[in-house]
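Derivation of every value follows stated rules applied to the coordinates shown; laboratory data play no part. All figures in this text were calculated on a predicted structure; none of them were measured in a lab. Positions of Cβ are backbone-derived with ideal geometry, glycine not excepted, and every protein chain shown enters the neighbour counts.
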Amino acid sequence: MHTAQAGIFALGTSSHVYLEFDLVDEKQCRDLAAAAAAIREPRTTTGGVNFVIGFRPELWQKIVPEQAPTGIEGFNKDIEGVEGFVMPATQYDALVWMSGSAYDVVFDMARTMIRDLAGKATLKEETSSWAYRHDRDLTGFVDGSENPTLLDAPADALLPDGVPGAAGSVLLLQKWKHRTAEWETLPVAKQELVMGRTKTESIELENKPADSHVARTDQDKFGNIFRRNMPYGNVDNHGTVFVGFSSEQQRLTKMLESMAGLVDGTRDALTRYTQPLTGAYYFVPSVESLRELR
Ligand code: HEM
């Protein structure tokens, strides 16, 4: 029996940071994994920080081949959709996602982490994110309504027991910049057609358009995933960090292809108001696999 990294399911935190690293030297991949695995969260009862640690799938395969799932690949090339729409590939070697109740604890831990990895890994991308109006993304819509419950989510997000990489998960991390001015010129009824749900109550539209976001990512078609999206950015320049976990990489890749119009030629209407800036897959191993690296 393996155990998943607890941070995947630690809902309700309002401050987050995503740190993406590249190895200084490929041969140091085990050192990097050991340093990341040795991170010690503050163990106070009221002020802790959650961690999720992930690795470029090919790198994890190299570090511990016996505990690596087969067939999982990094986001190694851009997805070229219809009408010139592109989802860029910005794959790095490792990810540390920290979350907590306030930004100061996350900030301090992130600085410690970067210092501990000095000489082994270089910070390539840092994004801070924060909760907006409890559970809304910066389009103003509730984000996560169709997420599985915490009782069902492990079955959707984690590799099952008995397979290499058990209790690990495939994470897609993508930073999407919103075209807020264009989005806000749309009347709410039009925004609802783009999303496929109502804005205030988050009720799925009965006759949702084929290009609506929820039609393009329909979990009845592609399989369930577990999302932990968060708003990021400043007043002038902001968007959504898409954070999606799945037991099968294919569910995520197919959803991206569907959004880009590569499944049946229909592009997700939401991609006309949001633009992906980054894209990476990380394998998030079980706690047992991480512990063995210390
Ligand atoms: C700018 C980026 C994105 C924003 C703002 C966004 C926002 C939303 C919102 C508001 C909903 C409706 C409520 C809900 O069920 O959560 C939704 C549904 C969903 N989104 Fe996204 N999303 C984004 C990107 C993505 C990406 C990249 C994927 C997949 C790789 C994805 C997968 C899904 C799924 C699976 C659903 C539920 C579909 C269903 O009803 O079965 N989203 N999203």
Restricting attention to the range 252-289, the residues that are assigned to a helix (DSSP H, G or I) and either surrounded by 21 or more Cβ atoms within 10 Å (Cβ to Cβ) or of a type in the set (S, T, N, Q) (or both) number exactly 10
Here the qualifying pairs (Cβ atoms under 9 Å; residues six or more apart or on different chains; first in the range 273-294 and under 30 Å from T185 (Cβ atoms) and away from the ligand (no atom under 16 Å from the Cβ); second of a type in the set (V, I, T) and assigned to a strand (DSSP E or B)) come out as none
Against the condition in a strand (DSSP E or B) and within 15 Å of the ligand (Cβ to nearest atom), how does T127 come out, does it pass?
yes
Do you know which residues across the range 91-127 are in contact with a strand residue (DSSP E or B) (Cβ under 6 Å, 6 or more places away or on another chain) and of a type in the set (S, T, Y)?
Y92, S99, Y103, T122, T127
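So how many residues does the range 91-134 have that are over 21 Å from Y273 (Cα atoms) and either hydroxyl-bearing (S, T, Y) or touching an Asp or Glu at 6+ places or on another chain (Cβ under 6 Å) (or both)? Spell out how you get there, then give the answer.
Start the filter on the range 91-134 by keeping residues that are over 21 Å from Y273 (Cα atoms), which leaves 91-126, 128, 134.
Now drop any that are not either hydroxyl-bearing (S, T, Y) or touching an Asp or Glu at 6+ places or on another chain (Cβ under 6 Å) (or both), which leaves 92-93, 95, 99, 101, 103, 112, 120, 122, 124-125, 128.
Qualifying residue count for the region: 12.
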Here are some conditions: (1) within 14 Å of the ligand (Cβ to nearest atom); (2) in a loop (DSSP other than H, G, I, E, B). K77 meets all but one. Which one does it not meet?
(1)
Scanning the range 224-239 residue by residue, the ones that are within 9 Å of the ligand (Cβ to nearest atom) and either surrounded by fewer than 17 Cβ atoms within 10 Å (Cβ to Cβ) or part of a loop (DSSP other than H, G, I, E, B) (or both) total 3
Only one of these is under 17 Å from L123 (Cα atoms), among the aromatic types (F, W, Y) and out of contact with any helix residue (DSSP H, G or I) (no Cβ under 6 Å at 6 or more places or on another chain): F51, F75, F55. Name it.
F55
Test K77 against the criterion of being farther than 28 Å from R111 by Cβ, free of Cβ contacts under 8 Å to residues at least 60 places away in the same chain and exposed (fewer than 13 other Cβ atoms within 10 Å of the Cβ), and give yes or no.
yes
